[in-house]
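Here is the structure we will look at, set down as structure tokens.
The values are calculated or read from the model by the stated rules, or taken from the named source; none is laboratory data. Note that this is a predicted model, so its numbers are computed, not measured. Cβ coordinates were reconstructed from backbone atoms using ideal geometry, including for glycine residues, and neighbour counts include every protein chain displayed. Please note that ligands, DNA and RNA were not included when accessible areas were found on the heavy atoms of the full protein model with its side chains. Shrake-Rupley method; radii C 1.70, N 1.55, O 1.52, S 1.80 Å.
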Amino acid sequence: MIQSLRLICILCACELFVVAPRPVYAREFSAGVSVGGIQVGTESRLALSPFAKVLWRKSSEFRLELHNMFSIVPGSRVGLYDRTAVTLGYDTKTGNVSLGPSLSIYSMPVCGVEFCDRVMGIAPGGRAQSDWYFAGRLGVSVSANVDWAGGSSRVLPGSVVTMVTAGPVWRFGGESK
């Protein structure tokens, strides 16, 4: 089921590529890895989150981004949290900011107060990100995502899920400002 949902998300993202305007001034690809903690149920766990972003710059300041982050929560039962977002961004001389909707697919082992279980589902949400390039193509990225996880779970009731990440970012292609 998760593979089918992932395929639907990829197809929707590909539709964006077809609909996006052709005359752009620049295309850019950036990637990186964030490492940090994630609060899952009643326990905090380590999360490793590689991410990739493709953007199209229509003018010197505004751009459209497609961003994907795949978080892996290691342990005896691995957890996965895959988020795709389409955002509108604004560039400055030393960085950028972006904001837009997102869709997450997750399958996580979660421990509540009384017992543990696996929760899975789809969550619509929103994403904000800021990148600051302090050494040419090398910089730091900070992002925040808020998802609305629905459904019912005896371990983790449906509610707001928030993830904040920070880590280094390296820009491949495009202009180095």
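Residue check: Tyr90 meets all listed conditions (1) more than 16 Å from Ser49 (Cβ to Cβ); (2) in contact with a Cys (Cβ under 9 Å, 6 or more places away or on another chain) but one, namely (2). Residues of the stretch 90-105 that are open to solvent by 30 Å² or more (accessible area, probe 1.4 Å) and modelled with pLDDT of 85 or more: Tyr90, Thr92, Thr94, Val97, Leu99, Pro101, Leu103. Within the stretch 89-118, being part of a strand (DSSP E or B), hydrophobic (A, V, I, L, M, F, W, C) and more than 16 Å from Ser141 (Cα to Cα) holds for Leu103, Ile105, Met108, Val110, Cys111, Cys116. Taking the stretch 36-79 as the range and being touching a residue at least 60 places away in the same chain (Cβ under 8 Å), open to solvent by 50 Å² or more (accessible area, probe 1.4 Å) and assigned to a strand (DSSP E or B) as the test, only Glu43 passes. Going residue by residue through the stretch 115-123, is there one that turns out to be at pLDDT below 90, open to solvent by 70 Å² or more (accessible area, probe 1.4 Å) and either of a type in the set (Phe, Trp, Tyr) or closer than 14 Å to Arg63 by Cα (or both)? Yes, the stretch 115-123 has at least one match. Does at least one position in the stretch 160-168 carry a residue that is part of a strand (DSSP E or B), over 14 Å from the mean Cα position of the chain (by Cα), of a type in the set (A, V, I, L, M, F, W, C) and modelled with pLDDT of 80 or more? Looking for residues that are part of a strand (DSSP E or B), over 14 Å from the mean Cα position of the chain (by Cα), of a type in the set (A, V, I, L, M, F, W, C) and modelled with pLDDT of 80 or more, one finds none in the stretch 160-168, hence no.
Would the stretch 142-151 turn up any residue that is crowded, with 18+ Cβ neighbours inside 10 Å and closer than 22 Å to Pro168 by Cα? The answer is yes; a qualifying residue exists.
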